[in-house]
Amino acid sequence: MELLKFLESKDQKSIKFLQQTKDNHIIETGYYDLDEEIICISCQIGCSMGCIFCVTAESIDSLQADQAFFRNLTAQEIEDQIKNVFSFLKKEGRLKGKKILLSYMGMGEPLLNYENVVESIKNLAKIFPNSRATISTLGTRPDLMKKLSEEDINLALKLHFSLHAPNDKLRKKILPSAQPIKLGLEALKSFAEIKKAPMKVNYILIKDLNDSSENALELAKLIKPYPFIVKLSSLNGNCSGLEPSKISKFDLFEKILHSHEIETCRFISKGTDIKAGCGQLRRHFYQK
Ligand code: SF4
């Protein structure tokens, strides 16, 4: 894995890296200097899930018009992409010494590359003892969500469930490969019980698609029986025909969820000036 190119946001808080595999594929890795130093890790080359807001789900050029997924990354490749980023930051004197968050929410659905993702976390836990990890999943494999909770992993591991809609019909429009919501929520509940830690459900607010007060109310009723935190996230621009919701919609969702005693947090996309949304910089590189 070779570090090919990087792009830094104006506020110097976000850096997006393009890295090249030995067989000449390009993947992305993100670095965000926030309360923690966050590494956003890719685990597949492309992705087959087809989420409508995600550039990784699109083919990268007209020659490969129907191909959005190429292959899984090996455990070694996953580890190398992180080691490359840390070597770069160290050489530049940019490491902050904060706690590290290894976030598996870059290119790919981690649970479709389960063995390599788990092996990489186990190995990274030895290299970065001052770290924790999160895996974001569409819930495509509820059985593996359960298996993950039983893995002997030597760092704090959390699972984030990408929900993005309060019912299966709307969710299928946004995430065409999604499994029924209930399967994902129940698997996340088991994970939370075994780990004895609160887990998050991620909900990207998309203008006029899933951001109405009816959507918020349906979401509140869906989540109410579960001990989850709802993470309300902004859409990271440039997604074909979709627009981010206004901040007032975040306020609306929070008001309705809080009235049902559901805890929330907000995540507003970082690095929009460096195409930091998943797959955007890679696509730009291929197009050039
Ligand atoms: S959001 Fe994640 S799972 Fe969905 S297409 Fe993009 S990379 Fe794949």
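Scanning the stretch 7-32 for residues that are out of contact with any helix residue (DSSP H, G or I) (no Cβ under 7 Å at 6 or more places or on another chain) and open to solvent by 10 Å² or more (accessible area, probe 1.4 Å) yields Asp11, Gln12, Lys13, Gln20, Lys22, Asp23, Asn24, His25, Tyr32. Across the stretch 29-54, the number of residues qualifying as of a type in the set (A, V, I, L, M, F, W, C), over 14 Å from the mean Cα position of the chain (by Cα) and assigned to a loop (DSSP other than H, G, I, E, B) comes to 2. May I ask you to verify whether Glu8 is of a type in the set (Asp, Glu) and farther than 20 Å from Asn236 by Cα? When the stated conditions are applied, Glu8 does not pass them. Within the stretch 14-51, the residues that satisfy the criterion of being within 15 Å of the ligand (Cβ to nearest atom) and aliphatic (A, V, I, L, M) are Ile26, Ile27, Ile41, Ile45, Met49. Can you tell me which condition Phe17 does not meet? The list is (1) modelled with pLDDT of 95 or more; (2) within 19 Å of Asn72 (Cβ to Cβ), and all the others hold. Result: Phe17 passes all but (2). A single entry from Leu217, Leu209, Leu242, Leu222 fulfils the requirement of being at pLDDT below 95, open to solvent by 10 Å² or more (accessible area, probe 1.4 Å) and hydrophobic (A, V, I, L, M, F, W, C): Leu242. Tell me yes or no: at least one residue of the stretch 57-64 is among the polar types (S, T, N, Q) and either in contact with a Phe, Trp or Tyr (Cβ under 7 Å, 6 or more places away or on another chain) or crowded, with 16+ Cβ neighbours inside 10 Å (or both). Among the residues of the stretch 57-64, not one is among the polar types (S, T, N, Q) and either in contact with a Phe, Trp or Tyr (Cβ under 7 Å, 6 or more places away or on another chain) or crowded, with 16+ Cβ neighbours inside 10 Å (or both), which makes the answer no. Scanning the stretch 229-253 for residues that are out of contact with any Gly (no Cβ under 9 Å at 6 or more places or on another chain), more than 15 Å from Ala165 (Cα to Cα) and of a type outside the set (A, V, I, L, M) turns up Ser240, Gly241, Lys246, Ser248, Asp251.
The values are calculated or read from the model by the stated rules, or taken from the named source; none is laboratory data. Keep in mind it's a predicted model, so treat the numbers as computed, not measured. Cβ coordinates were reconstructed from backbone atoms using ideal geometry, including for glycine residues, and neighbour counts include every protein chain displayed. Remember, those area values only see protein heavy atoms, side chains included, never the ligands or the DNA or RNA. Shrake-Rupley method; radii C 1.70, N 1.55, O 1.52, S 1.80 Å.
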